[in-house]
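Any read-out appearing in this document is the output of simple, stated calculations on the displayed coordinates, not a laboratory observation. None of these values were measured; they are calculated from a predicted model. Every residue, glycine among them, receives a Cβ derived from its backbone with ideal geometry; neighbour counts consider all protein chains shown.
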Amino acid sequence: MATSRSIRLSLLAVAAGAAVALGTAPTASAEVVDLTIVPGLGTGPTTPFGVGCTYLVVARTERLVEPRTDIVDYTNEAIMSPEEQAWKVDPYFSTPVVLGHKVALWTPTAPGEHSLMAYQTSAGGPVRTVTVNPATPLGPVCLVAP
């Protein structure tokens, strides 16, 4: 005859197995849950985003402290600071997630559609697509052409 302790352990094992089978078990990896491109002082009749102007990109993560999180512009026609500069010295450099936020500076170098994605794994993450037009950067202000 089984003891009450072994019965409880058996029930816990069955419950854990059922949770995994139903997909309700907590996952080990976290995710990027939001991506925002802040237009700042960019102004234009059709878009606030202009070539040569720099914008703040913020990826929000599930937890306050996360493993490596990256932000990429699919067009490869942009500069993502400070990481692109640091990669010349250390190809594994990544700015940390601070209080659930990863921050980068994005400077598009060509007009057109730009899709940015924030991710932690090959599964990807949120994508934001914006139109970038020719512009005249004037300090913190960006005058974007139509």
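Quick look at the values:
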item	result
Local electrostatic count, Tyr119, Cβ distance below 12 Å [Lys/Arg +1, Asp/Glu -1]	-1
Cα gyration tensor shape for the range 49-97, rounded if a/c is under 1.5, else prolate or oblate	oblate
Table column - 3J(HN,Hα) (Hz), the range 79-85, Karplus curve with 6.51, -1.76, 1.60, x for Gly and Pro	10, 10, 9, x, 5, 4, 6
